[in-house]
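Since every read-out is calculated from the coordinates, none of them should be taken as a lab result. The shown structure was predicted, so the numbers you read here are calculated from the model rather than taken from an experiment. For neighbour counting, all protein chains shown are included, and Cβ atoms are generated from backbone atoms with ideal geometry for every residue, glycine included.
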Protein chains: 2
Amino acid sequence: MTTTYADSTTPGTHTIRPGAFGNATELRCRECGAASPLGAHYACSECFGPLEVGYDFPELTREQIAAGPHNIWRYRELLPVPADVASFPNTEPGLTRLVRADRLAADLDLARLWVKDDSGNPTHSFKDRVVAVALTAARELGFQVLACPSTGNLANAVAAAAARAGIRSVVMVPHNLEQQKILTTAVYGGTLVAVEGTYDDVNRLASEIAGEEETWAFVNVNVRPYYAEGSKTLAYEIAEQLGWRLPEQIVVPIASGAQLVKIDKGIRELVELGLVEDTPYRVYGAQATGCSPVSAAFHAGHDVVAPVKPQTLAKSLAIGNPADGPYVLDVVRRTGGSVEDVSDDEVVDGIARLARTEGIFGETAGGVTVATLAKLVRTGKLDPAAETVIINSGDGLKTLDAIAGRVGPKATIRPTYEAFTEAGLA
Amino acid sequence: MTTTYADSTTPGTHTIRPGAFGNATELRCRECGAASPLGAHYACSECFGPLEVGYDFPELTREQIAAGPHNIWRYRELLPVPADVASFPNTEPGLTRLVRADRLAADLDLARLWVKDDSGNPTHSFKDRVVAVALTAARELGFQVLACPSTGNLANAVAAAAARAGIRSVVMVPHNLEQQKILTTAVYGGTLVAVEGTYDDVNRLASEIAGEEETWAFVNVNVRPYYAEGSKTLAYEIAEQLGWRLPEQIVVPIASGAQLVKIDKGIRELVELGLVEDTPYRVYGAQATGCSPVSAAFHAGHDVVAPVKPQTLAKSLAIGNPADGPYVLDVVRRTGGSVEDVSDDEVVDGIARLARTEGIFGETAGGVTVATLAKLVRTGKLDPAAETVIINSGDGLKTLDAIAGRVGPKATIRPTYEAFTEAGLA
């Protein structure tokens with residue numbers, strides 16, 4: 001027997017199988033609260049507001065979770081995925097290290113600090129989490145192509161996930177993208193398309209294609225409600241890795257803002273399910289000053305976010321019109337946190353500081369987060385005595401330009417012990 | 001009370017604490033079998049043969065291991081490390097994905113294939129495993145500096161591990177190394193020294209310094225017996241991730257050959273301890289033709305390995321005089337495997353094939369291994385019906401040059417749907 005949720009947004013004659021979305025029950029408008037059936041919707045049919053996944057969770061124990069696989073699928077009961085999700089080929093992201101960061105803590109006069117290091121994911125960014133959930137939704141909804149507009153991390157994650165699943169990918173990037181990012185996407189053998197224009201042009205084209213090609217799932221467009229849920233796993237993992245409890249403070253980088261909002265959603269779900277104690281926590285957002293519309297809105301006391309034209313080396317965070325901006329403001333204000341921004345120089349210092357103290361080489365987004373942490377301490381907005389977790393969402397190997405000219409050899413010597421001692425290296 | 005193993009090779013007045021090396025009992029010559037006490041020895045005092053760690057293992061259960069941390073320290077009872085090893089700051093490597101590779105298997109007409117993907121380690125190569133054990137030995141032996149000569153992966157791993165542990169690192173590299181590799185080492189803030197000369201010159205200088213600076217631990221020189229044991233964890237993880245059983249065939253890349261030899265040692269330990277059933281397995285070695293001294297010796301039926309001058313793009317495997325070469329020949333012949341070599345063109349094809357079928361972007365060493373697997377199947381030396389595991393030891397992001405000019409965008413288009421369809425992309 002197949003119960004069908006099928007509707008006009010389900011490609012062709014595909015019928016959705018029972019349990020395709022696990023414990024998810026509906027899509028719910030984040031503005032007006034109206035419910036839509038589970039499908040490839042992303043905007044409310046009543047008010048055009050963004051949709052998010054609603055659930056009816058069963059009882060769930062810590063032991064059940066711990067008995068699951070060593071990746072995000074241990075939390076499958078809390079995601080819009082079927083019970084057999086782990087049996088389909090996927091990149092198996094998640095359960096990345098939560099690193100106790102005593103040396104960085106000492107450097108900043110903090111009592112207790114952890115780094116959630118998502119550079120350990122298969123393509124070395126948190127995007128593997130969201131893409132894995134989007135891929136599952138795309139398959140269950142009958143889509144045949146996995147697609148996205150991107151300038152970097154998302155392109156890698158989509159191309160790799162599609163390759164492993166054996167489906168076609170179409171990744172669209174600005175034509176003047178660095179050769180490095182072209183190669184790390186093209187190697188997976190999908191359809192990589194260079195578009196003559198800016199990232200905004202690429203994005204517009206993607207939306208146009210999404211409207212025309214009904215068998216294509218654009219991970220961050222028409223299956224976005226599912227995709228975004230993947231970020232909740234960051235909260236689940238942090239809580240489980242702390243021994244099933246919440247940190248008191250979390251600092252999260254902001255691009256679209258979805259990661260921060262979903263981390264908060266994940267925490268609230270854990271509390272509702274009784275998996276962690278309901279202890280207070282504050283969520284802080286981190287932006288680069290060259291693209292800081294949410295920080296600006298926060299400081300001005302606004303509820304809406306005015307778009308900006310990005311100008312920062314933290315390219316993975318350079319979204320001038322962040323879709324989840326208003327929801328970020330809600331979370332930050334509700335929990336008593338704040339949003340701060342830091343200069344590109346501080347970003348580079350942040351990258352170097354994290355590498356030097358903890359041996360973790362983060363990308364520019366990690367630099368933004370570390371530098372923001374430092375600023376929050378300096379300005380007294382973060383309690384140095386409270387336990388803090390920061391997110392390192394990507395890998396420094398992908399943004400080497402940021403540190404070029406800033407670090408290098410201490411000395412160049414002839415190959416003799418004499419030269420070595422003369423250079424003061426002994 | 002402190003029992004002392006101290007001897008002339010222990011720096012200064014340092015006394016080794018009881019249990020510093022866990023269940024390890026001695027260093028044993030791999031040539032003449034003579035025992036030396038646990039210390040910073042690496043050559044036999046009787047015959048100058050290389051030393052390896054000997055143990056007196058306690059009873060150990062699968063459950064005890066599974067209850068340990070999600071990294072190599074779950075196997076601490078089988079390594080020369082103290083029981084509290086995980087409480088010291090380290091990069092926490094290991095427990096990387098074992099990926100079921102059905103699409104690559106189908107591509108090669110194999111029944112069942114797995115990829116052990118060590119690019120998921122903290123600095124994205126298997127070197128994090130060996131360096132973590134070397135760091136522990138260095139600390140327990142009273143060394144104050146962690147050092148190495150390197151051209152890439154080892155440099156990253158040593159610099160990161162030392163940064164996290166808060167000790168000084170000195171990494172020596174050839175002065176003409178790619179900027180990329182300079183940056184990914186220098187960012188950790190240790191002492192990076194560029195040496196005017198070839199890698200052989202750097203290596204010679206390192207040995208000279210090791211003889212002069214008695215508080216310096218060169219991970220791959222004076223603490224090498226401990227360092228090399230780290231590779232055993234690859235075998236432990238593969239067996240545990242397969243549900244505590246052995247694969248029938250394993251294909252391993254060869255640089256010094258230590259990784260292959262230690263994987264075999266790890267397997268035999270698991271069998272001796274009754275942690276896996278004693279089922280037959282064959283070990284295969286993979287080299288690039290441009291640096292294939294072990295393959296040449298294997299095919300010539302020799303017991304010794306004649307050094308070569310490396311000329312291959314697989315730089316992480318380019319050791320012309322591999323220290324463990326003869327032991328590799330022993331393992332391969334004893335288990336009924338073989339050693340093969342592949343051209344640089346095949347290496348690049350191997351990288352692309354792994355990425356395209358499984359979404360795993362390996363470095364050139366991974367390309368060597370995949371291409372060798374294909375050759376073994378083609379020449380009938382590997383049983384296509386038997387379960388096989390291959391090792392991907394590093395990350396494609398570090399060797400982008402290998403694929404530059406070989407992969408790229410399918411098309412460059414104007415940002416319109418019309419241009420998109422005209423290019424045949426729909």
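Rg and Dmax of the stretch B:1-157, Cα atoms, in Å?
18.4, 61
Based on the Kirkwood radius over alpha-carbon pairs, what is the Stokes-Einstein translational diffusion coefficient of the stretch A:95-153 at 20 °C with 1.002 mPa s viscosity, in µm²/s?
Working: Rh = 14.1 Å.
It diffuses with D of about 152 µm²/s by this estimate.
From largest to smallest, what semi-axes in whole angstrom does the stretch B:127-225 give when each is the square root of 5 times an eigenvalue of its alpha carbon gyration tensor?
The three semi-axes for the stretch B:127-225 are 19, 16, 11 Å.
Testing the spin-label approximation: label points 7 Å from Cα along Cα→Cβ at B:R17 and A:D84. State their distance in nm.
If labels sit at B:R17 and A:D84, their model points lie 5.2 nm apart.
For A:I360, which sequence-distant residues (separation of 5 or more, or a different chain) have an amide H within less than 5 Å of its own amide H, given hydrogens modelled in the peptide plane?
A:A355
What is the distance, in nm, between label points placed 7 Å from the Cα along the Cα-to-Cβ direction at B:N321 and at A:A426?
Going by the 7 Å Cα→Cβ label model, 2.5 nm.
With no solvent and one equal point scatterer per Cα, compute the Debye intensity ratio I(q)/I(0) for the stretch B:184-298 at 0.09 Å⁻¹ and report its log10, rounded to two decimals.
Debye curve over Cα of the stretch B:184-298, log10 I(q)/I(0) at q = 0.09 Å⁻¹: -0.38.
What distance in nm lies between label points placed 7 Å from Cα along the C-beta direction at A:R414 and B:Q64?
Taking the two extended label points, one gets 5.6 nm.
If eta is 1.306 mPa s and T is 10 °C, what Stokes-Einstein diffusion coefficient results for the stretch B:324-426, Kirkwood Rh from Cα pairs, in µm²/s?
Reported coefficient: 98 µm²/s.
Which one, B:Y417, B:L273, B:Y188, is farthest towards the positive end of the dipole of chain B when Lys and Arg carry +1 and Asp and Glu -1 on their Cβ?
B:Y417
Suppose only helical runs count, i.e. DSSP H with n ≥ 4. What mean residue ellipticity at 222 nm does that imply for the protein assembly as shown under -39500 (n - 2.57) per run, divided by all residues and rounded to the nearest 500 deg cm²/dmol?
On the way: 28 runs with 294 residues, N = 852.
My calculation for the protein assembly as shown gives -10500 deg cm²/dmol from helical runs alone.
Of A:K232/A:K381; A:K410/B:K262; A:K309/A:K410, which ones are farther than 29 Å apart at the Cα? Walk me through the numbers on the way to the answer.
Working: A:K232/A:K381 25 Å; A:K410/B:K262 35 Å; A:K309/A:K410 38 Å.
The pairs that break the limit, which is 29 Å between Cα atoms, are A:K410/B:K262; A:K309/A:K410.
Working out 0.36 nm times the residue gap between A:E214 and A:D330, then minus their Cα-Cα distance, what length gain in nm do you get to one decimal?
Net length gain for the segment: 38.3 nm.
Mind pulling up the Rg/Rh value for the stretch B:9-101? Radius of gyration and Kirkwood radius, both on Cα.
1.04
Cα extents of the protein assembly as shown along the three principal axes, largest first, in whole Å?
Between the extreme Cα coordinates on each principal axis of the protein assembly as shown lie 85, 62, 51 Å.
Would you list, by chain and number, the aspartates and glutamates whose Cα falls below 16 Å from the Cα of A:K116, excluding same-chain residues fewer than 8 positions away?
Reachable aspartates and glutamates: A:D102, A:D128, A:E237, A:E240, A:E248, A:D264, A:E358, A:E363, A:E387, A:D395, B:E92.
Quote the charge dipole size of chain B about the Cα centre in Debye, to the nearest 20; the model charges only the Cβ of Lys and Arg (+1) and of Asp and Glu (-1).
Roughly 580 debye, rounded to the nearest 20.
Go ahead and run the numbers for FRET between B:T379 and B:R245, Cβ-Cβ distance against an R0 of 41 Å, rounding to 0.05.
Numbers: r = 27 Å, r/R0 = 0.67.
Computed FRET efficiency for B:T379 and B:R245 comes out at 0.90.
Using only the alpha-carbon atoms, what does chain A span along each of its principal axes? Please give whole angstrom values in decreasing order.
80, 48, 45
Treating only the Cβ of Lys, Arg, Asp and Glu as charged (+1, +1, -1, -1), what charge dipole size does the stretch B:127-225 show about its Cα centre? Round to the nearest 20 debye.
Numbers: 8 positive and 10 negative charges, 92 e Å.
The calculated dipole for the stretch B:127-225 is roughly 440 debye.
Give the angle, between 0 and 90 degrees and rounded to the nearest 10, that separates the Cα long axis of helix A:258-272 from the longest principal axis of the Cα atoms of chain A.
70
Against the longest alpha carbon principal axis of chain B, how many degrees, from 0 to 90 and to the nearest 10, is the axis of helix B:153-165 turned?
Its long axis makes an angle of about 50 degrees.
In the Gaussian network model of chain B, springs joining C-alpha atoms below 10 Å, which of B:T279, B:T399, B:T372 carries the largest mean-square fluctuation?
So, out of B:T279, B:T399, B:T372, the one fluctuating most is B:T279.
For A:F218, enumerate residues with amide H under 5 Å from its amide H, sequence gap 5+ or separate chain, H modeled in the peptide plane.
Distant-sequence amide H within range of A:F218: A:A147, A:V223.
Would you mind computing the Rg to Rh ratio of the stretch A:366-426 from its alpha-carbon coordinates, Kirkwood style for Rh?
A ratio of 1.23.
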